[in-house]
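J.: I'd like to ask some things about the structure below.
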Amino acid sequence: MAKMFSKFFTKKPKKYVEQRKALQSADLSERIALAKSSETNKEMLYYLAEKDPSAEVRKAVAENNSAPVHVAPNLAQDQDEDVRLSLAKRLMQ
């Protein structure tokens, strides 16, 4: 019986924990890879779009078709023109 309930009441999946670690990484390439991945958790994509200091990371989120639609207003007002253009290009497809 305990085994049955363990499926519902377990800790966050390892994948989530690994993504969280990449999200907090100082390594730009890790954050860009996270931003580009269609497997990345939506809340992490939102966080990257809103808070990441690197325009490259925000641009990768803007280009990601898996990014949640509610990141668009943040990216549309981004200070970096490439981020805004990448978002516009993705939305026009």
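The values are calculated or read from the model by the stated rules, or taken from the named source; none is laboratory data. Since this is a predicted model, take the numbers as computed values, not measurements. Positions of Cβ are backbone-derived with ideal geometry, glycine not excepted, and every protein chain shown enters the neighbour counts. These area figures cover heavy atoms from the full protein model, side chains too; ligands, DNA and RNA do not enter into them. Shrake-Rupley method; radii C 1.70, N 1.55, O 1.52, S 1.80 Å.
J.: In whole Hz and in residue order, list the ³J(HN,Hα) couplings for the range 82-93 that follow from phi through the Karplus curve 6.51 cos²θ - 1.76 cosθ + 1.60, θ = phi - 60°; x for Gly and Pro.
T.: 4, 5, 4, 5, 5, 5, 4, 4, 5, 5, 7, 6
J.: Still on this structure: Pairs Lys36/Lys89; Lys21/Lys89; Lys15/Lys36; Lys15/Lys89; Lys15/Lys59: which exceed 19 Å Cα-Cα?
T.: Working: Lys36/Lys89 15 Å; Lys21/Lys89 30 Å; Lys15/Lys36 16 Å; Lys15/Lys89 30 Å; Lys15/Lys59 23 Å.
Those over the limit are Lys21/Lys89; Lys15/Lys89; Lys15/Lys59.
J.: With each label point set 7 Å from Cα along the Cα-Cβ vector, what nm distance links Ser54 and Lys21?
T.: Taking the two extended label points, one gets 1.8 nm.
J.: Filter the trypsin sites (Lys or Arg not before Pro) in the range 9-93 to those in DSSP coil with at most 15 other Cβ atoms within 10 Å of their Cβ, and list the result. Numbers along the way, then the final one.
T.: Numbers: sites: Lys11, Lys14, Lys15, Arg20, Lys21, Arg31, Lys36, Lys42, Lys51, Arg58, Lys59, Arg84, Lys89, Arg90; in loops: Lys11.
Here the trypsin sites (Lys or Arg not before Pro) that fit, given the DSSP loop and packing criteria, are Lys11.
J.: Once the Cα gyration tensor of the range 52-93 is diagonalised, what are the square roots of 5 times its eigenvalues, in whole Å and ordered largest first, as equivalent ellipsoid semi-axes?
T.: Working from the Cα gyration tensor, I get semi-axes of 14, 10, 9 Å.
J.: Can you return the aspartates and glutamates within cross-link range of Lys42? Criterion is Cα-Cα under 16 Å, with same-chain partners fewer than 8 residues away left out.
T.: Candidates past the 8-residue exclusion: Glu18, Glu50, Asp52, Glu63.
J.: Hey, what do the phi angles of the range 45-59 turn into as Karplus ³J(HN,Hα) couplings, whole Hz, using 6.51/-1.76/1.60 and θ = phi - 60°, x for Gly and Pro?
T.: Each residue's phi maps through the Karplus curve to give 4, 4, 4, 4, 5, 8, 10, 5, x, 8, 5, 4, 5, 5, 5 Hz.
J.: Right, next: For Tyr16, Tyr46, give the ranking by accessible area with the largest first, probe 1.4 Å.
T.: Numbers: Tyr16 40, Tyr46 65 Å².
The ranking, largest first, comes out as Tyr46, Tyr16.
J.: Now a separate question. So which GluC sites (Glu not before Pro) in the range 13-93 end up in coil per DSSP with only 16 or fewer other C-beta atoms within 10 Å? Intermediate values should be presented prior to the final figure.
T.: Numbers: sites: Glu18, Glu30, Glu39, Glu43, Glu50, Glu56, Glu63, Glu81; in loops: Glu39.
Here the sparse-neighbourhood loop sites are Glu39.
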